[in-house]
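The values are calculated or read from the model by the stated rules, or taken from the named source; none is laboratory data. The structure displayed is predicted, hence computed values, not measured ones. All Cβ positions, glycine included, derive from the backbone under ideal geometry; neighbour counts span all protein chains shown. Just the protein is used for accessible areas: all its heavy atoms, side chains included, with ligands, DNA and RNA removed. Shrake-Rupley method; radii C 1.70, N 1.55, O 1.52, S 1.80 Å.
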Amino acid sequence: MAGTSGAADVDTPTWVPLISARAAICHSLRSDQEEGAGVTLLRSVLRMGTAACHATLDRHFAALDVSHLPDYIHLLKAQHPALRAVELSLEAAGVELILPDWQQRRRRHALEADLAALNASNRLSAVLVEAPLIRSRAQALGHLYVLEGSRLGAEVLLRRALDAGDPLISQATRFLAHGRNRPFWRGFVALLNKEAADSTFRAEAVTAAVASFGLFLKAAEQVLGHYQASRGRGQVSEK
C-alpha cells in the first residue's frame with residue numbers, strides 16, 4: 001500500500017502483502033543513527049523490534065498472485081478486519097492529535113469500496129480480531145508504524161495488479177493506490193525521528209507494533225487458511 005518512489009526514504013514495514021516487496025526495498029535503507037550522537041532513532045527501534053513478526057506475516061501472503069482475481073480478492077479481504085479494528089481504535093484514542101491529516105490517511109473506506117466493487121463484501125464480519133486498546137502516544141505510534149509503513153510496498157503490488165490487465169482488478173485499486181505520490185510515509189518518519197523517546201516509551205511502542213502485526217496475522221490466518229484449504233479441494237469461489 002503506497003509509494004516506493006524516493007528510495008532514500010524507504011523503510012521495511014512493507015507488509016500487508018506489501019511485504020512481498022520487502023526484499024527489494026531493504027537494500028536502500030539508510031542508517032538510522034543520529035549523526036555524531038550514536039542514538040538509535042525510534043524508526044529503527046520499531047523496525048528491529050518487529051522484524052520477526054513482519055517476516056511471519058510475509059510468509060502468509062507469499063503464495064498470493066495479485067494478478068489473479070481470486071487471490072487479489074482474498075488479499076483485500078485478509079486486510080480488512082485488522083485495518084478496520086486498528087483505525088477505529090486509533091480514532092477513539094485521538095489519533096488526530098498525532099496526525100492532524102488522519103482523515104486523508106485512513107484507508108478502511110478505500111478498502112471497503114474495492115471489496116464492494118468486486119462484490120466481495122460478504123462474510124467480512126465473520127473474521128474475528130479484537131480491537132486494540134490504545135492508551136498512550138507510544139502505543140498509538142506503534143500501531144501507526146504498522147499502518148503507515150505498509151504503504152511502502154503498495155506501489156509494487158499496484159503495478160503487478162494493473163499489469164494483469166484484468167478490468168475487474170483495475171477498477172478496484174483504491175486501497176493499493178491510496179496516498180500515491182503523497183509524502184505520507186516520509187512525514188510519519190519525520191515525526192518518529194523527532195520523538196524524544198526513552199527506553200520505556202520505545203518498549204511500549206514496539207509492543208504495540210508487534211500486537212498490530214499480530215492482528216493482521218490473525219486475520220490472514222482465518223481468511224487465507226480457508227481460501228487455501230478450499231483451493232486445495234478445488235472448491236474455490238472467486239468471491
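Annotations for the structure displayed:
- Residue in segment 199-207 that is part of a loop (DSSP other than H, G, I, E, B), surrounded by 14 or more Cβ atoms within 10 Å (Cβ to Cβ) and touching a residue at least 40 places away in the same chain (Cβ under 8 Å) present: no
- All of (1) within 30 Å of D163 (Cα to Cα); (2) at pLDDT 85 or above; (3) open to solvent by less than 10 Å² (accessible area, probe 1.4 Å) hold for L42 with one exception: (1).
- D58 satisfies every condition listed in (1) of a type in the set (D, E); (2) in contact with a helix residue (DSSP H, G or I) (Cβ under 8 Å, 6 or more places away or on another chain); (3) part of a loop (DSSP other than H, G, I, E, B); (4) at pLDDT below 85 except (3).
- If the condition is being free of Cβ contacts under 8 Å to residues at least 12 places away in the same chain and aliphatic (A, V, I, L, M), then segment 56-73 contributes no residue at all.
- Flag: V95 matches the condition of being closer than 22 Å to E195 by Cα and among the hydrophobic types (A, V, I, L, M, F, W, C).
Rundown of residues vs (1) open to solvent by 10 Å² or more (accessible area, probe 1.4 Å); (2) touching a strand residue (DSSP E or B) at 6+ places or on another chain (Cβ under 6 Å); (3) not aliphatic (A, V, I, L, M), yes/no style:
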position: A51; (1), (2), (3): yes, no, no
position: D71; (1), (2), (3): no, no, yes
position: E87; (1), (2), (3): no, no, yes
position: V95; (1), (2), (3): no, no, no
position: H109; (1), (2), (3): yes, no, yes
position: D114; (1), (2), (3): no, no, yes
position: N119; (1), (2), (3): yes, no, yes
position: R137; (1), (2), (3): yes, no, yes
position: L147; (1), (2), (3): no, no, no
